[in-house]
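Engineer: Below are the structure tokens for one structure; questions will follow.
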Amino acid sequence: MWNHAVWLGVPKQELKKWNILEGDLTGRFAYYRCEVKLDEPAELTIDISANSRYRLWVNERPVLSGPCKGDLYRHYYETVDLTEYLKIGKNILAVQVLYSNAYSAVKQTDERAGIFGVLTPGGGHRLAVEGELRNEDGKTVGSVTTGSADWKVYLDGSFYLKSYAVTENLGAVCEELDFQKLPGNWKTEACDTSGWSLPCELEEVKTDSFFESVGLCSCEIKK
């Protein structure tokens, strides 16, 4: 359960880097990375959520997507055991976050229309993770908790979702991709994160105004 995590967000320098306006974030991706080095075997179970949707990889292995679909009055998080994905040495948690502001456009035919099936309170590409790595003696040997662990963020200027008139009756969106700007190895150990930014630390997950009038609900993942 959430005790110490804070919501992370994309800093303004990431928008300036790609010359993106703050109101033009719908349909874009932000990438978050956390590197943790282990000298011994460890266990890790995390709580994770994002606004509006996320995909999680650990050491390049896909783990899950989420959060479970909610609405303006409830937002979900997942609890998942990542122990089987860990290894001795450097471990990479990589999270791709899609932001979709349902009110960014009135019509699905507008180029930057939100995805109708994704309805969240707004607020940009937010990520929250809580989890401590513990060895076989139960001693804490690392953390991936947002607000205390060393997370970095990269706003993807190569790819975004857009809508055309042809998709109006299909309830769909199209993808536009600039391969010259694509950070293809961002989930790997070889990724150079020197050009990445430190994320903004926003409100605490357990008491933030972001969910003050809604609900934060659990969806446990079992294998």
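Engineer: Report, to the nearest whole %, how much of the accessible area of region 1-81 belongs to carbon and sulfur atoms, 1.4 Å probe, protein only.
Structural biologist: Values: 1810 of 3840 Å².
Reported share for carbon and sulfur atoms: 47 percent.
Engineer: Under a 1.4 Å probe, what is the accessible area of region 148-202 per residue, stated in Å²? Write down the numbers at each step before the final one.
Structural biologist: Numbers: 3270 Å² over 55 residues.
Per residue, region 148-202 has an accessible area of 59 Å².
Engineer: Let me ask something else. Please work out the C-alpha center-to-center distance from region 1-46 to region 162-201 and express it in whole Å.
Structural biologist: For region 1-46 versus region 162-201, the Cα centre distance is 14 Å.
Engineer: Tell me which trypsin sites (Lys or Arg not before Pro) from region 140-203 have a DSSP coil assignment and no more than 12 other beta carbons within 10 Å of their own. Kindly include the intermediate steps, with their values, before the conclusion.
Structural biologist: Values: sites: Lys152, Lys162, Lys181, Lys187; in loops: Lys187.
Passing both the DSSP loop test and the Cβ count: no residue.
Engineer: Another question, then. In terms of modelled amide H atoms, which long-range or inter-chain residues lie less than 5 Å from the amide H of Glu203?
Structural biologist: Amide H neighbours of Glu203, under 5 Å, 5+ apart: Trp7.
Engineer: Please give the direction-averaged projected area of the C-alpha convex hull for region 1-108, in square nanometres with one decimal. The partial results should precede the final answer.
Structural biologist: Values: hull surface 34.8 nm².
With the hull built on Cα positions only, its mean projection is 8.7 nm².
The values are calculated or read from the model by the stated rules, or taken from the named source; none is laboratory data. Model, not experiment: these values are computed from the prediction. Note that each Cβ is placed from the backbone with ideal geometry, even for glycine, and that neighbours are counted across all protein chains shown. Quick note on the areas: whole protein, heavy atoms, side chains included, nothing else; ligands and nucleic acids left out. Shrake-Rupley method; radii C 1.70, N 1.55, O 1.52, S 1.80 Å.
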